[in-house]
Amino acid sequence: MTQIHRITLARHITGTPSLEDFKLETFEAPPLKEGQFRVENKFVSADPGTRSRLSGTDSYAGALKIGDPIDGFAVGHVVESQNPAFEVGQLVTLGSGWASQSISNGRGYCAKLPDLDVPLSAWIGVLGVPGMTAWFGLKRIGQIKPGDRVIVTSAAGPVGATAGQLAKAWGASRVVGVASAGDKSDWLKAEAGFDDVIDYRSPTFAADLAAAMPEGADVLFDNVGNAMIDTILPLMRPFGRIVVSGQVADYNVALPDRVGIRNTDRFITHRLKMEGLVVFDDLRAFPEAQAEAAAMIKSGQLKLKEVISEGVESLPAAFCALFQPGATFGRRIARI
């Protein structure tokens, strides 16, 4: 029998995740039921948004229980099938646990991979949920148009880096990222095409950002949380749009202790709009967007930045690193 290795939740998490919050398990692969197929995972992702489900309280998805497998996205090939729609050898991407294999019935987030001639790992990065979050966040909620001025926070993460590049490709006149100085800032400006990157750790951060965006911003694509939004609100131009994509600074903070948003008068005086994003609302439109994004990857217009670790057992460390100051740089995935 084939053995499966997976990571489960050892305890509900309070504060910043640690390795002790996770457990590696090994068990024999169960037989397939009618309609199911088995996928041998090649790459599995560590996603910051999973953090909202690990404290025992519900988010937009239900909380995980102790002993449940940790969520991630996977790409791999079918090795056994009781489902005629998914033949052995078919490459697929799907919502999966942190595991060496996945079992699916084809429903939910699961898709056969077309031959778009891109790296396989891109299907859980730029062509997966992070990239599609940037794509539809900017298009549907940000309503981006040529000439817009755009601020992207957590710009060195996979969502932020993709959002900034897409904004430039779609005609933004200026794109400013928020990230730590050093390698991240250098890559975002030299490779990803950001016009400027401001260090959020600077004691003069608000003034630095205002100087980098002297005419204000039409779109804020935020991945950080309330304090960041509140800081940037005074920079928003009339009829500006705020995309609430993630809350990486707030995930580890208990709800009563989170910073609130005070500059709400700007919504009235400048007629601003702010809307949250769950990218699965756009699932039916993924294939067309993925084909366009793949063409941008092949032309060099859209750059990938990946941090690849080895084995299922590396995923807890990859996940914990997402919440360390200055550590979010590129898409964190494990090669299985």
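Every number in this text was worked out from the coordinates using simple rules, so none of it is lab data. Every value quoted in this text rests on a predicted model; they were computed, and no experiment measured them. Don't worry about glycine lacking a Cβ; one is built from the backbone with ideal geometry, like all the others, and counts go over all protein chains shown.
Just tell me which lysines come within less than 17 Å, Cα to Cα, of K145; anything on the same chain fewer than 8 places away is out.
K168, K273
About its Cα centre, what dipole magnitude does the chain give when the only charges are +1 on Lys and Arg Cβ and -1 on Asp and Glu Cβ, stated in debye to the nearest 20?
For the chain, the charge dipole is close to 540 debye.
Rounded to a whole number, what is D in µm²/s for segment 82-206 from Stokes-Einstein with the Kirkwood radius over alpha-carbon pairs (20 °C, 1.002 mPa s)?
Here the translational diffusion coefficient equals 130 µm²/s.
Taking Cα centroids, how far is segment 305-336 from segment 49-79 in Å?
Result: 16 Å between the Cα centres.
Checking the cross-link filter: which lysines have an alpha carbon closer than 24 Å to that of K42, excluding same-chain neighbours under 8 positions apart?
Reachable lysines: K23, K33, K112, K298, K303, K305.
Against the longest alpha carbon principal axis of the chain, how many degrees, from 0 to 90 and to the nearest 10, is the axis of helix 286-299 turned?
70 degrees
Using only the alpha-carbon atoms, how far is helix 158-169 inclined from the longest principal axis of the chain? Give it as 0 to 90 degrees, nearest 10.
60 degrees
Charges only on Cβ, +1 for Lys and Arg, -1 for Asp and Glu: so what's the dipole of segment 1-158 about the Cα centre, in debye to the nearest 20?
520 debye
Using amide H atoms built in the peptide plane, which far-off residues or other-chain residues are under 5 Å from E306 H to H?
R331
Using the Cα centre of segment 90-185 as origin and beta-carbon charges of +1 (Lys, Arg) and -1 (Asp, Glu), tell me which of G164, A122, A111 is placed farthest towards the positive end of the dipole.
G164
Just to be sure I understand: if I project the alpha-carbon convex hull of segment 218-336 onto a plane and average over all orientations, what area do I get in nm²?
Taking the Cα atoms of segment 218-336, their convex hull projects to 10.2 nm² on average.
If the convex hull of the alpha-carbon atoms of segment 257-325 is projected onto planes in all directions, what is the mean projected area in square nanometres?
For segment 257-325, averaging the hull's shadow over all directions gives 9.4 nm².
Once you have a ≥ b ≥ c as the square roots of the Cα gyration tensor eigenvalues for segment 7-162, tell me rounded if a/c is under 1.5, and otherwise prolate or oblate according to whether a/b is larger than b/c.
It is oblate, given that a/c is not under 1.5 and a/b is not larger than b/c.
For segment 146-202, which semi-axes, largest first and in whole Å, follow from the square roots of 5 times the eigenvalues of its Cα gyration tensor?
17, 11, 9
Rg(Cα) of the chain divided by 2.2 N^0.38 Å?
Dividing the Cα radius of gyration by 2.2 N^0.38 Å gives 1.00.
Ignoring everything except DSSP H segments at least 4 long, calculate the 222 nm mean residue ellipticity for the chain; use -39,500 (n - 2.57) per segment, divide by total residues, nearest 500.
-5500 deg cm²/dmol
Whole-Hz ³J(HN,Hα) for each residue in segment 306-316, computed from phi via Karplus 6.51 cos²θ - 1.76 cosθ + 1.60 with θ = phi - 60°, x for glycine and proline: what do you get?
10, 10, 10, 9, 10, x, 4, 5, 7, 5, x
Let me know the volume per residue of the alpha-carbon convex hull for segment 26-69, in Å³.
It is 134 Å³ per residue.
If the only charges are +1 at each Lys and Arg Cβ and -1 at each Asp and Glu Cβ, what is the size of the charge dipole of segment 256-336 around the Cα centre, to the nearest 20 debye?
In debye, rounded to 20, segment 256-336 gives about 300.
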